[in-house]
Amino acid sequence: MILAGGFATRLRPLSCSKPKLLFPIVGVPLVESMARWLGSGGVDQVVLAVNHLSDKLKIEVGQSIGGVRVVFSVEEAPLGTAGPIRLASNLLGKDDPFFVINGDIVSNIDLVGMLALHKSSEADATIALVSVPNPSQYGSVLTDSDGIVSKFDEKSGSFSSPGLVNAGVYVLSPRVMSSIPIGKSVSLEREVFPRLVENGKMQSWMHHGFWYDIGRVSEYVRTNKELLERQEAGSGESERDRQKVGHIVRPAYLGSKSRLGVGSEVGPFTILSDNVTVGDSATVQNSIVFEETTIGEKATIEDAVIGERVVIGRGSKIGRGSIIAGQSSIPARSVVPPDSVILC
């Protein structure tokens, strides 16, 4: 189960028109990246627990993505992080353990190894942990020498840095469901997990690879740029299929059917999602551009995030640190000051 029922308020204005699970991660929708990762761990079906903009997700995702079957569980009212599990109990099964993952996680956690540990330890829950310099923004966790969780502290800031934090990836045994009330908003982190800790039934899995939480715009930008550099991604399509009249400064990613005008320059650290058009003599640097956006000729964009289906007028200048909501239109020769937020 992927928990995606929140309203992604910290990602506004980008999330006003686009569900967080459809945000591009180096040009690929987050939900597709997660499905590929889950599939590599042996998962063959994903339950999407959704609320905000669920109709858009259903249209975009359909019945499968990244080689994994998808079913939807829609909350009529927000149910926290545990309530959706009880709501979808008939989809999750009664016999086998299952993964529960926060819908803003980008990672390469070893799901096969984590599941094996969960089974061998006979725990009710296994939680992935990652070390961060400052744990105050996350749920901090203490474990004993055997990896059994001895204390779970959800974002109170009481633990000093550095420390181990909740990575937002869990394996749960079906018996956990009986402790979750039906039809109520319940928190895994504040209500369910502390009880498991008291009973010594919560195991930990230490993760040493990459891990990102994209719940804030700043972290979303950092995630994309670091993964871009890690992947050395070249293009979502073949060089033969792309119009070769613009100049690309690596690292950069060009999505499928992206088009570069004569004399344009894209990069470094620029990600263009699918169907982005960059006009003649336009410049896009250190920026993330969502799909189906058009950038006019001689426009300049630097260190910005541009939503989907945006039109940037000819000769416009988008200042550093600016965020432009999806489906917005910026008139020709506009000057957007640094750190601006443009609503649609």
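Computed from the coordinates by the stated procedures, all read-outs in this text should not be read as laboratory data. Predicted model only: the values in this text are computed from it and were never measured. Every residue, glycine as well, gets a Cβ built from its backbone with ideal geometry; the counts of neighbours run over all protein chains shown.
Within the same chain, lysines fewer than 8 places from K201 are excluded, and of the rest, those with a Cα less than 23 Å from its Cα are K94, K119, K151, K155. Once the Cβ-Cβ distance of V74 and R175 is raised to the sixth power relative to R0 = 22 Å, the FRET efficiency obtained is 0.30. Taking the fewest neighbouring Cβ atoms within 10 Å as the starting point, the ordered list for T9, T270, T223 is T9, T223, T270.
In this simple spin-label approximation, R250 and N199 carry label points 7 Å from Cα along the Cα→Cβ vector, and these lie 5.4 nm apart. Placing a label point 7 Å from the Cα of T9 along the Cα-to-Cβ direction, the residues of segment 45-75 whose backbone N falls under 20 Å from that point are 50-54, 75.
Which order do K317, K94 fall in if you start with the one that has the fewest other Cβ atoms within 10 Å? Numbers along the way, then the final one.
Numbers: K317 18, K94 9.
Final ranking by Cβ density, sparse to dense: K94, K317.
Cβ crowding within 10 Å, taken as a proxy for footprinting-reagent exposure, orders Y253, Y212, Y220 from fewest neighbours to most as Y212, Y220, Y253. Here the Karplus curve 6.51 cos²θ - 1.76 cosθ + 1.60, taken at θ = phi - 60°, turns the phi angles of segment 184-200 into couplings of 10, 7, 10, 9, 4, 6, 9, 10, 7, 4, x, 5, 5, 4, 4, 8, x Hz, with x standing for Gly and Pro. Model label sites at D144 and Q63, defined 7 Å from Cα along the beta-carbon direction, differ in position by 4.9 nm.
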